[in-house]
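These notes concern the structure reproduced below.
The values are calculated or read from the model by the stated rules, or taken from the named source; none is laboratory data. Given the structure is predicted, the values throughout are model-derived calculations rather than measurements. Here Cβ is always computed from backbone atoms with ideal geometry, including for glycine, and neighbour counts include all displayed protein chains. Note: areas computed on protein heavy atoms with side chains; ligands, DNA, RNA excluded. Shrake-Rupley method; radii C 1.70, N 1.55, O 1.52, S 1.80 Å.
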Amino acid sequence: MTVVSPHHDARRPSRMRRRALYGALSLLCCSLAMTALPAGASAAPDPHTAASSTASRAAQAVAFADEFDGPAGSAVDGGKWLTETGDNVNNHERQYYTAGDDNAALDGQGNLVITARKENPGNYQCWYGTCEYTSSRLNTSGKFTATYGHVESRMKIPRGQGIWPAFWMLGADIGSVGWPNSGEIDIMENVGFEPGTVHGTLHGPGYSGSGGIGAGYTLPGGAAFADDFHTFAVDWAPDSITWSVDGTVYQTRTPADLNGNAWVFDKPFFLILNLAVGGYWPGDPDGSTAFPQQLVVDYVRVTTSD
């Protein structure tokens with residue numbers, strides 16, 4: 001049940017590459033490439049806040065929710081999440097994703113904690129030799145998919161050179177059409193050398209890897225995302241996806257942004273949470289990087305129209 005998750009692009013491979021759907025997808029090797037944001041793809045934040053979207057969501061149905069309530073040290077709900085295992089040669093990430101609750105467990109305070117450690121107690125082997133780090137990657141393939149809706153997570157991301165947390169989605173047909181034809185929606189990605197910036201990106205046929213379509217959002221005043229919890233979301237409708245941070249919209253993408261390429265986002269997608277260490281885009285950890293690092297997830301929720 002090991003899948004190699006690919007990113008692609010020597011600078012910022014796409015998330016898809018970085019996230020292989022380890023045996024989860026019936027053993028499908030997903031190539032998730034975390035791509036570098038295309039030049040000039042920054043979108044100015046819209047002074048729009050969550051007020052109006054919150055009101056509209058009041059009439060929506062909860063399609064998926066995990067509040068991560070449970071005893072400290074317990075594993076995630078296996079009825080909702082698959083735990084992927086293995087390394088990722090395509091993105092040149094350094095971690096080995098472990099099974100069970102070794103690197104992903106509840107903290108007893110309503111949070112999921114995904115922990116990246118500089119260790120290798122299982123003598124795991126990676127593409128570069130004996131693995132130097134362990135971490136975790138979870139997905140809902142075969143458990144839950146959505147087509148459209150409001151997809152949101154409140155989380156506190158880690159910090160440090162070479163640290164790469166992400167919350168994203170892949171087309172559920174990846175096993176039959178491959179990547180990037182499956183489509184990939186990166187709701188939130190952060191690389192440690194940009195402590196105050198997150199990225200939202202689309203990948204699909206003709207716009208994958210470094211050619212992904214997206215933008216970044218930077219906190220005001222030099223603040224770092226690791227200092228507090230923040231809410232990352234997309235509002236996904238036919239022919240439209242809008243990204244927000246803490247209720248502030250910072251970009252909307254439609255088929256008109258794809259330069260004539262196919263829009264592959266009108267079909268079911270599943271969710272992914274992971275914390276990578278190293279890789280083409282973030283670079284490797286260095287002497288300034290402290291371990292362990294933790295991605296603390298308060299909740300994941302998906303609401304859809306009735």
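Pairs of C-alpha atoms in segment 151-305 farther apart than 25 Å represent 29 percent of all such pairs. Taking every protein chain into account, the accessible area of segment 85-139 amounts to 36 square angstrom per residue (probe 1.4 Å). Note on segment 263-306: with neighbouring protein chains present and a 1.4 Å probe, carbon and sulfur make up 47 percent of its accessible heavy-atom surface.
Two decimals, Cα atoms only, Kirkwood Rh: what is Rg/Rh over segment 113-215? Result: Rg/Rh = 0.99.
May I ask you to give the solvent-accessible area per residue for segment 154-275, in square angstrom, as obtained with a 1.4 angstrom probe?
Values: 3550 Å² over 122 residues.
Per residue, segment 154-275 has an accessible area of 29 Å².
Percentage of Cα-Cα pair distances in segment 250-306 greater than 18 Å, rounded to whole percent?
Numbers: 1051 of 1596 pairs.
Above the 18 Å cut-off, segment 250-306 has 66 percent of its Cα pairs.
Expressed as a whole percent, the accessible surface of segment 63-108 that belongs to carbon and sulfur atoms is 49, based on a 1.4 Å probe. Along segment 198-204 the Karplus relation, 6.51 cos²θ - 1.76 cosθ + 1.60 evaluated at θ = phi - 60°, assigns HN-Hα couplings of 10, 10, x, 8, 10, 10, x Hz to successive residues, with x for each Gly and Pro.
Would you kindly work out the equivalent ellipsoid of segment 125-180 from its C-alpha gyration tensor and give its semi-axes, the square roots of five times the eigenvalues, largest first in whole Å?
Values: eigenvalues 138, 75, 20 Å².
Taking √(5λ) for each Cα gyration eigenvalue gives 26, 19, 10 Å.
If the cut-off is a Cα-Cα distance under 23 Å, which lysines reach Lys143, setting aside same-chain residues fewer than 8 apart in sequence? Cα-Cα hits under 23 Å: Lys80, Lys267.
Treating r as the C-beta distance of Asn261 and Glu119 and R0 as 41 Å, the FRET efficiency rounds to 0.45.
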